[in-house]
Amino acid sequence: MNSKEFARRRRAIMRMMGKGSIAILPAAPVRTRNRDVEYPYRQDSDFHYLTSFDEPDAVAVLVPGRAAGEFLLFCRGSDPDRELWDGRRATPAGAVSDYGAAEAFAIDAIDDVLPGIIGQCERVYYTMGAQPDFDARLMGWINDLREAGSGDQHTPDEFVALDHLLHDLRLYKSRAEISAMKKAARISVAAHRRAIAACRPGMHEYQLEAEYLHEFRRNAVEPAYQPIVGGGANGCVLHYVKNADELRAGDLVLADVGCEYDCYAADVTRTWPVDGRFTPEQRALYDIVLAAHDAAIQQVRPGRHWNDPHDAAVQVITAGLVRVGLLKGEPQKLIADGKYRRFFMHRTGHWLGMDVHDVGDYKVSDHWRLLEPGMVLTVEPGLYIPNARNIPAQWRNIGIRIEDDVLVTRDGNEVLTAALPVAADDIEALAGSAAAD
Ligand code: GLY
Ligand code: MN
Ligand code: MN
């Protein structure tokens, strides 16, 4: 993504903030996995959104209208000893030349520089509670200003939640963002094709996971979230990430796997028979979930509200469960009583973007938000039939989810993951179709 995109975002947020304001964003910290081992570094999404700067120990500052420059970056200075181990750092000079900062300082100088800038502003935009250590430092600077309280330095009058403004901006994807999301979708679709084609009874779930990871790494991307690959009863565990068991003929396998490209996620689920043939019960439930998926996608268009796709999916799923005998009664009453939730206990989707469960309010003033062009959401109805005595044996342990990523367009929607087969016959044709090793 080019630097103009990030400059445009900074201008947009600064227009919303207005003069007399300052926004302060700390970078994500490095997190320890165990002893000397760290988790792979992932920048905080808000920080990346405004800066494209992907190092820890950094603080971004926006001050609309500041004569000496509106975008300041504090970051690590050069340290040849550390760089010998960890690789090159951006340094303040690089922050100016490569990241568009008007001024940049060593992070060690922040106590000397930042309070003086805060002291010239009336309003501080900040996301409280995300990084308690940094919250405490900021409060320390504010207290110092209050105690000093002289000359042109004063304590800001207002603290405002930065995420309200920023997350509203992030909800509407630009052309560059949509193109990154399409790339994440393309690679994720290729990975699903590869895994579905490679699937054989007797494989383990982690071997199927490896097919996804192979496709991701050869495209220089990482999973956007922990892959879920569950055969049989494991497909009914919504966040099953152990991926440890053997895949057995006669079972379904549910794989919820998507990659992150340039900080943008895909989130994709397919469910298929391990041996390439649905049983009649699996096929009946698959077709219900697919019909719910199609009905929900029909509702994704400008003017519909956030909950319309979910309502449509619930209607189709409940009617389907009555048809096959897993629920008894009048569908509208079963919906009103929430009876379908025994088998479909999650919502039909969420916003998608830099975060898999992306930011943005689902309601505005207590009303479901209207869908508008540029918003991206998942559509992911499912059915999960528990292993319960009052359910006939042939239905038990069937877990099915079908998940696609959908962009709201001016006149409807575009399914970003549409290249991945979804009809039961197409899924059967693809399953196990790769030549054996
Ligand atoms: N992969 C997480 C979800 O589908 O929401
Ligand atoms: Mn999802
Ligand atoms: Mn998912």
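The values are calculated or read from the model by the stated rules, or taken from the named source; none is laboratory data. Predicted, not measured: the structure shown is a model, and the values here were computed from it. Every residue, glycine among them, receives a Cβ derived from its backbone with ideal geometry; neighbour counts consider all protein chains shown. Please note that ligands, DNA and RNA were not included when accessible areas were found on the heavy atoms of the full protein model with its side chains. Shrake-Rupley method; radii C 1.70, N 1.55, O 1.52, S 1.80 Å.
Details
- Within the stretch 179-202, being surrounded by fewer than 24 Cβ atoms within 10 Å (Cβ to Cβ), at negative phi and not in a helix (DSSP H, G or I) holds for Arg200, Pro201.
- Sub-6 Å Cβ pairs linking a first residue in the stretch 268-288 that is outside any strand (DSSP E or B) to a second residue that is among the polar types (S, T, N, Q) and away from ligand 2 (no atom under 16 Å from the Cβ), at least 6 apart or interchain, are Glu281/Gln394, ordered by first then second residue.
- Hey, Val300 within 14 Å of ligand 2 (Cβ to nearest atom) and either open to solvent by 10 Å² or more (accessible area, probe 1.4 Å) or among the β-branched types (Val, Ile, Thr) (or both) or not: no
- Test: residue in the stretch 206-222 that is open to solvent by less than 10 Å² (accessible area, probe 1.4 Å), out of contact with any Phe, Trp or Tyr (no Cβ under 8 Å at 6 or more places or on another chain), away from ligand 2 (no atom under 16 Å from the Cβ) and in contact (Cβ under 8 Å) with a residue 12 or more places away in the chain: yes
- Here is the figure for the stretch 336-387: residues that are in contact with a strand residue (DSSP E or B) (Cβ under 8 Å, 6 or more places away or on another chain) and within 16 Å of ligand 1 (Cβ to nearest atom) total 26.
- Residue among Glu372, Glu330 that is open to solvent by 20 Å² or more (accessible area, probe 1.4 Å), charged (D, E, K, R) and within 30 Å of Asp54 (Cβ to Cβ): Glu372
- Scanning the stretch 333-353 for residues that are open to solvent by 80 Å² or more (accessible area, probe 1.4 Å), assigned to a helix (DSSP H, G or I) and not hydrophobic (A, V, I, L, M, F, W, C) gives Lys333, Lys339, Arg341, Arg342.
- Verdict on Asp425 being open to solvent by 40 Å² or more (accessible area, probe 1.4 Å), without any contact (Cβ under 8 Å) to a residue 24 or more places away in the chain, under 30 Å from Gln207 (Cβ atoms) and not in a strand (DSSP E or B): yes
- Residue among Gly276, Gly231 that is surrounded by 23 or more Cβ atoms within 10 Å (Cβ to Cβ), small (Gly, Ala, Ser) and away from ligand 3 (no atom under 16 Å from the Cβ): Gly231
- Flag for Val322 being farther than 28 Å from Gln43 by Cα, open to solvent by 10 Å² or more (accessible area, probe 1.4 Å) and either touching a residue at least 12 places away in the same chain (Cβ under 8 Å) or of a type outside the set (A, V, I, L, M) (or both): yes
- The test for being closer than 20 Å to Thr348 by Cβ, in contact with an Asp or Glu (Cβ under 6 Å, 6 or more places away or on another chain), in a strand (DSSP E or B) and among the hydroxyl-bearing types (Ser, Thr, Tyr) holds for Thr378.
- Test for His357: is it open to solvent by 10 Å² or more (accessible area, probe 1.4 Å) and either modelled with pLDDT under 95 or not in a helix (DSSP H, G or I) (or both): yes
- The stretch 219-266 - residue that is outside any helix (DSSP H, G or I) and on the phi > 0 side of the Ramachandran plot and, of those, nearest to ligand 1 (Cβ to nearest atom): Asn243
- Condition check for Val257: open to solvent by less than 30 Å² (accessible area, probe 1.4 Å) and over 18 Å from Pro381 (Cα atoms): no
- Of everything listed in (1) part of a helix (DSSP H, G or I); (2) farther than 30 Å from Arg8 by Cβ; (3) among the charged types (D, E, K, R), the single unmet condition for Asp168 is (2).
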